[in-house]
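Coordinate-derived values only; no laboratory data. Everything quoted here is computed from the prediction, not taken from an experiment. FYI the Cβ positions are ideal-geometry reconstructions off the backbone, even for glycines, and counts take in every protein chain you see.
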Amino acid sequence: MRALLIVLATVVAHAQPVVAPTPQTAGSPRGDNAGPYNITNSWEVGYRFRDVDGNTGKYRSDVNFGNGVRLLGGTLGVTSRDGKGKWLDELLLDVRGLGNDPYQFSSFRVQKNALYRYDLLWRSNEYFNPALPIAGGDHFLSTNRQMQDHDLTLLPQSKLKFRVGYSRNTQGGPGLWTGQWFDGRGDEYSYFANIRRNQDEYRLGGDLQIGRVKLSITRGWELFKDDTNFNRDMLTPGANTTDRNTLSLLRRDEPLHGKTPYWRAHLLAELSKQFTIHGRFTHSDGRRDFIYDEFARGTDRLGAGRNRQTLLTGAGRRPVTTGHATLTWIPNNKVTVANQTGFHQTRMEGDGKYSEINNGSAGIAFAQFQFLGIRNISNTSEASWQPVKQAGVFGSYHYAERRIRSNEQEDFEIPRGTVPIEQINRNKAGIFGARLTPVAPLRILFSAEVGRNDRPFYPTGDKNYEAYTARASWRQKKFDLSTDFKSFNNANSTSLYVHSSTGRTWGATTGFTPRANVRIDAGYNYLHLDTLTGLAYFADFELVESNRSYYVSNLHALHAGVQAQVRKKVDLYAGFVRTQDRGDGRSAAPDMQPLFTAAQVFPISYASPLARVSLQVRANLRANFGWQYYDYAEKFASAQNYAAHTGYVSVSYSF
Amino acid sequence: MGLRLLATAGVISCWTLAAQTPAASDSPFAGSNGCRPCHPAQALQFFRNPHFKTTVANGATRENMGCEACHGAGKKHIAAAGGRVTIPNAFSLMQPNQVLDACLRCHSKDVNRANIRRSSHTQANVVCTSCHSIHQPGSARNLLAAKQADVCYGCHSDVRAQFSQPFKHRVNEGFMTCSDCHNPHGVNSGVSKTGHRPRMVETGLQNEQPCMKCHTDKRGPFLFEHAAVRVDGCESCHSPHGSTNARLLKRPVVFTVCLECHNGSGSFGRQADGIPTQSASHNMADPRYRNCTTCHVRVHGSNADRRFLR
């Protein structure tokens, strides 16, 4: 039995793109009995290493695994064998990467049948991104984000249950920002940011079932604080060394605090086996109060001394109301008909008072105001028919009407009685699809969507679009093969400019289990995208309207993996992942004059082979070793290229 | 070998049990103990299964308890000494909509499954047992057949390729899961977007895109909103799964992301008279001006400047 479970665990695990933690666990999957409980556990402790050659910043942006001792992974399960534990019936703990991995994760559940259930999810991410293509790398971020979600349900199996929840999301760490001071044609400077953001969310709710009617209500409060401050205390000439613009001192505080209380209500009424009504209503009332206090000192581009103090106070508000009503009719086991009407309204409004004192003018003070309203009403009718076991069809029609009203002002008084500009966008889309199962292992799916949007909001948005999907799979115990194709075409045109987008993806994956202890996986995907968009811009004070932005990406992605178990003692895995964007096939960087005539391409290759050995030393002890190599290479430049060896040595132990 | 012996012993026990079943009882239900002799692997591990709690629930009726809650009344099956056709609900023989009906008998009460009948998965005959394995789960918590990403990649191979790119959300690394952003059981129709797509994307706190669940600083509300973000969402500029471009942008350089919309054409934009081009002082022949976000640093929304300069 144990052997069977181990083999099953091995075979189910697919190719794993990250080398550690080891998927195999120590100890018996059946666990050990301790009193009324059964306990399973496995803990993997090890040392990670890395050796990076090339751009370490880019490596940290893409991969970021470092050196050091880690609790690479761990599981603990405590389960009552009769379901009648005194304080708990189940306790589950999963951890990953604890210690100092850039991606850490822990989930915890404890529950007593029919009495309570508590879930905790904790995550931490070390984010590092120099992002050289963005502002020349001056929008660098090195932050830690931690998220935790607590959910407690009382009487989880009863018809009346209560829910309490709390979530926290924090982000902190250093960053770089950029900006301009004293002159719109002046210089750009980078400055430091001490990022301090956190969001707390409290939830309270309950579910009630009376007969066939289920009602769920949640009341929540989100509290957000951003106390990031910015500074720059040294004299530097900025990015443009040919002018005399300088920034010698910058201090900025812009605390932003706000609250979003919300209501959510669901009503599900199963009037009969054939007829169901579902209603959903939500309302949230977001608000952010802000103060912007800045002092800057330096010289303008002509060399004159400048200092400027800016103070801005105000608030942004965004009440959002949504409602959905869904009717589902299932006249028999071959037909399903559904209709959903949705309503969504967002009102964004804010006002602020801006005042500025500087030594170049007497001072400026004015009020700012904006309003942006979005109201969207949609209706979707769907039907599915399965006349015979081997074949079925489905289709839907979707209609949406969106009204956008907008008003944005900067004035010396808050404008009164101004009429917002209004526009209406309508979208009509139809979907048709068919599913076939000619023989049991073979499944085929085809669907097509054709949509027409009479007035998209922006030039690259969906206007006249068609999306096609085809998928076929053959699945048997020892062998599976699936292939899929997707195509998306969009044409968005006006009298002068045209945006067209063509995306196609094609892929095939296969898995083969020739023996109970061997599994082979492989796959290939081709992702193509080309877009053509009209541009208008100024070059040397001349308006250029004749150019197009043409972007081409031809991405080939390959993965393969082999896993094997030798004598029930040794688990081996070897895998390979390679992604290559070939652009449009050219071998040299595009000529940038004239600006956008040449197609934009960004050919790169990114490959990562890996290998892992897990050796069962004793029933409750495993020794694990792994290596993973990363190779990132850009074709037209090498500043961001890197090659990195990473790996780990660990033991997995079960007590 | 041990398993074969166990199974053989189980079949013999079944026969014995069938012979011992009181003929006077009219109930078609045999109770979970009747299944145990022939299905020892499932029975031995069933106490770990979330469905085990049905066997100890106070006041539960026999059709809602243990094995028969899902598989139906088992007395005929025992009397016939096994065989799949005698199981009322043999999931391997059932049609997808029958599987859905069987599971939703209990699981429809959770509101996050309220749209399951009209979801894209159901339309494609992808139902509960396509992703969940009740007796051989890859995770104890939600009984998925394997790690969540692997379950999803099984059909969505193009998404797997997107997450294999250098810039990506950390799904493969275990920091995130597909269900952080998607609800595989179906979602309500779009919110501020008019289109039908992308499908199965869950909404965030203010019914906006799920990106704001984590990227809280981008949510606002701001005094000056970048309207494209609020109206059509983050993927106006970003490819959320993965990209070869920094910050998951749709283009390798920032200025084409901006200029493809800011071209003044047509009736686009919040003022419905074309999205403004940059002013003549922006000399695009000078590479300095091709880094739009060097100066327009608050492109997601600003409280201090309508041009997002600070």
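A few notes on this one:
- Rg(Cα) / (2.2 N^0.38 Å) computed for region A:73-168, rounded to two decimals: 1.53
- Local charge for A:Arg264 was computed over the other residues whose Cβ lies under 10 Å away, with Lys and Arg +1 and Asp and Glu -1, and equals +3.
- Region B:269-291-region A:537-583 distance, computed between alpha-carbon centres (Å): 31 Å
- Length added when fully stretched, A:Ser142-A:Lys389, from 0.36 nm per residue minus Cα-Cα: 83.4 nm
- Within chain A, helix-based [θ] at 222 nm, where runs of 4 or more DSSP H residues each add -39,500 (n - 2.57), nearest 500: -1000 deg cm²/dmol
- Between A:Asn231 and A:Thr56, the distance separating the two model label sites (each 7 Å from Cα on the Cα→Cβ line) works out to 2.7 nm.
- Ignoring aspartates and glutamates fewer than eight residues from A:Lys214 along the same chain, the ones with Cα atoms less than 15 angstrom from its Cα are A:Glu270, B:Asp110.
- Spatially proximal lysines relative to A:Lys112 (Cα-Cα < 16 Å; intrachain offsets below 8 disregarded): A:Lys84, A:Lys86, A:Lys161, B:Lys53
- Residues A:Trp43, A:Trp627, arranged from fewest to most other Cβ atoms within 10 angstrom of their Cβ, appear as A:Trp627, A:Trp43.
- Using the Cβ of A:Tyr37 as centre and a radius below 12 Å, the other residues enclosed give a net charge of 0, where K and R count +1 and D and E count -1.
- Projected label points at B:Glu63 and A:Ile277, each 7 Å from Cα along the beta carbon direction, are separated by 2.5 nanometres.
- Neighbours of A:Arg443 by Cβ distance under 15 Å: Lys/Arg scored +1, Asp/Glu scored -1, total +2.
- Amide proton proximity set for A:Asn240, modelled H, under 5 Å, gap of 5+: A:Glu188
- Residue pairs, from the table A:Lys428/B:Lys147; A:Lys273/A:Lys389; A:Lys486/B:Lys250; A:Lys58/B:Lys218; A:Lys477/A:Lys568; A:Lys334/B:Lys109, whose Cα atoms sit over 29 Å apart: A:Lys428/B:Lys147
- Residue order, fewest to most surrounding Cβ atoms within 10 angstrom, among A:Ile604, A:Ile330, A:Ile377: A:Ile377, A:Ile330, A:Ile604
- Rounded to whole Å, sorted largest first: equivalent-ellipsoid semi-axes of chain B, Cα gyration tensor: 57, 19, 15
- Dividing the helix sum by the residues of chain B, where each DSSP H run of 4 or more adds -39500 (n - 2.57), gives a mean residue ellipticity at 222 nm of -7000 deg cm²/dmol.
- Average other protein chain Cβ within 10 Å of Cβ, residues B:298-308: 4
- Karplus (6.51, -1.76, 1.60) ³J(HN,Hα), θ = phi - 60°, over region B:140-156, in Hz, Gly and Pro reported as x: 6, 6, 10, 6, 5, 5, 8, 4, 3, 4, 5, 4, 5, 4, x, 9, 9
- Largest first and in whole Å, the equivalent-ellipsoid semi-axes of the protein assembly as shown read 51, 32, 28, each the square root of five times a Cα gyration tensor eigenvalue.
- From phi via Karplus (6.51, -1.76, 1.60), per-residue ³J(HN,Hα) for region A:38-53 in Hz, x at Gly/Pro: 10, 10, 10, 6, 7, 10, 10, 10, x, 10, 9, 9, 8, 9, 10, 10
- Debye-sum result for region A:185-286 in log10 I(q)/I(0), which assumes one identical scatterer on each alpha carbon, at q = 0.10 Å⁻¹: -0.56
- Sorted by Cβ neighbour density within 10 Å, fewest at the top, the residues B:Cys234, B:Cys292: B:Cys234, B:Cys292
- Listed residue (B:Leu143, B:Cys106, B:Gln95) projecting farthest to the positive dipole end of region B:90-164, Cβ model: B:Cys106
- The listed peptides A:470-477, A:70-77, ordered by packing as a protection proxy, come out as A:70-77, A:470-477 (highest mean of other Cβ atoms within 10 Å first).
- Principal-axis tilt of helix A:2-12 within chain A, Cα atoms, nearest 10 degrees: 30 degrees
- Stretchable slack from A:Asp183 to A:Val566, in nm (0.36 nm times residue separation minus alpha-carbon distance): 130.8 nm
- When the inverse distances between all different Cα atoms of region B:220-302 are averaged and flipped, the Kirkwood radius reads 13.8 angstrom.
- Where labels lie 7 Å past Cα in the beta-carbon direction, separation of A:Trp263 and B:Ser267 in nm: 3.7 nm
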